[in-house]
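To start, the structure under review is shown below, and the notes come after it.
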Amino acid sequence: MRTSLKALTASATAALLVAGLAACSSSSEPTSSATPAANACQNVKSGATSKSVKVSGEFGADPKVEFSTPLKVTDTERTVVITGKGEKTTAGQTVGLGLAAYNGTTGKPIAPSEGYGTSAPVTAKIDEKAFLPGFVRAAECLPVGSRAVLTTTAEGAFGQAYGQLGVKQKDPVVIVTDVRSVPPAPATRATGKPVAPTPGLPTVKLNAKTGEPSITIPKSDPPKETKIALLKEGDGETVQKGDTVSVQYKGVLWRNGQMFDSSWSRGEPTSFQTTGVIAGFTKALEGQKVGSQVLAVIPPADGYGAAGNGDITGTDTIVFVIDILSTSR
């Protein structure tokens, strides 16, 4: 066995993220990770091949799978073995799955099953640009509590990553997926208690719908040292040095209020280590609690220095509003 389904998923997702970052670096225009058409359910139909696969065992437990070999696959088919009564999965949603895959020629598992029994469900996004396409087709648009069988080719199951699992492009593959949970949607804005503004610093007004801040710069010279002020105080975990944080943020120039960067403009939060950003941003994060919203006024010494960066000159003081959504270490 060359790799596990979970490890393959993680490596494929990492590769997609790298590709996405490369695309972002070559264009200033925000891009979507998937179009509505790409995310729409494909409503894969049941057929004789998928119906021929016999699956037994309780939902959520490792399935017992039986079928005649070699299995002949001419198209992708899905048969729902158990129909759940929970929330129906939707395109682009993050769900918790049980995963199992079998070689249609030999009948043997392609990799150890994942996410069944006492193991935590495998967290996956119902989006073939972010997850293995066969499991997306198996799980999409089904209620939580459902179990489905999908028959397809190795490429249909694993995309271009099929070679990492020791199967050939057109080899028949049987997938069994249990839709075990729909985790709560991750936070997209700070939820802490509002704090009185600090006099002399920029003022912030939030969009009622999205939480995106509008930042107004005072008619005065910027401070000569980094200033950090709480706008909302969260009650979550404290961010430690070196943590990986998920944040929303917006950055503007003190001299004219011009925005130079914003996760809100890209449509989703971003994640990074606290030690992997400019010093002023690090100071704004470490020691704060998840759920907080932080205002950071950063002079060049704690920003991009004399060299500047893009629209930021070597003398520019920059201003960030940061929503701290989660932290991990």
Condition first: closer than 10 Å to residue 147 by Cβ and touching a residue at least 12 places away in the same chain (Cβ under 8 Å). Now tell me which residues in the range 51-60 satisfy that. 55, 59, 60
Please go through the range 270-291 and pick out each residue that is part of a loop (DSSP other than H, G, I, E, B) and among the hydrophobic types (A, V, I, L, M, F, W, C). 277, 278, 290
So, restricting to strands (runs of 3 or more DSSP E) that lie completely within the range 37-108, which ones have at least 3 residues that are open to solvent by less than 70 Å² (accessible area, probe 1.4 Å)? 77-82, 94-103
Hits in the range 314-329 (condition: farther than 25 Å from residue 191 by Cβ and either among the small types (Gly, Ala, Ser) or open to solvent by less than 20 Å² (accessible area, probe 1.4 Å) (or both)): 314, 316, 317, 318
For the range 109-131, enumerate the residues that are among the basic types (Lys, Arg) and in a strand (DSSP E or B). 125
For a quick check of your reading of the model, give me the residue pairs whose first member lies in the range 287-313 and is open to solvent by 80 Å² or more (accessible area, probe 1.4 Å), whose second is basic (Lys, Arg), with beta-carbon atoms closer than 9 Å and at least 6 apart or on different chains. 301/224
Every listed condition ((1) of a type in the set (D, E, K, R); (2) touching a residue at least 24 places away in the same chain (Cβ under 8 Å); (3) surrounded by fewer than 24 Cβ atoms within 10 Å (Cβ to Cβ)) holds for residue 140 save (3)
Residue list for the range 292-329, filter: within 18 Å of residue 231 (Cβ to Cβ), part of a strand (DSSP E or B) and touching a Leu at 6+ places or on another chain (Cβ under 8 Å): 293, 294, 295, 297, 318, 319, 320, 321, 322, 324
Give 84, 104 a once-over and let me know the one that is at pLDDT 95 or above, closer than 24 Å to residue 166 by Cβ and among the small types (Gly, Ala, Ser). 104
Looking only at residues that are among the acidic types (Asp, Glu) and out of contact with any Phe, Trp or Tyr (no Cβ under 8 Å at 6 or more places or on another chain) in the range 61-82, which one is nearest to residue 113 (Cα to Cα)? 66
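The values are calculated or read from the model by the stated rules, or taken from the named source; none is laboratory data. Values in this document were obtained by computation on a predicted structure and should not be read as measured data. All Cβ positions, glycine included, derive from the backbone under ideal geometry; neighbour counts span all protein chains shown. Calculation scope for accessible area: heavy atoms of the full protein, side chains included, ligands and nucleic acids excluded. Shrake-Rupley method; radii C 1.70, N 1.55, O 1.52, S 1.80 Å.
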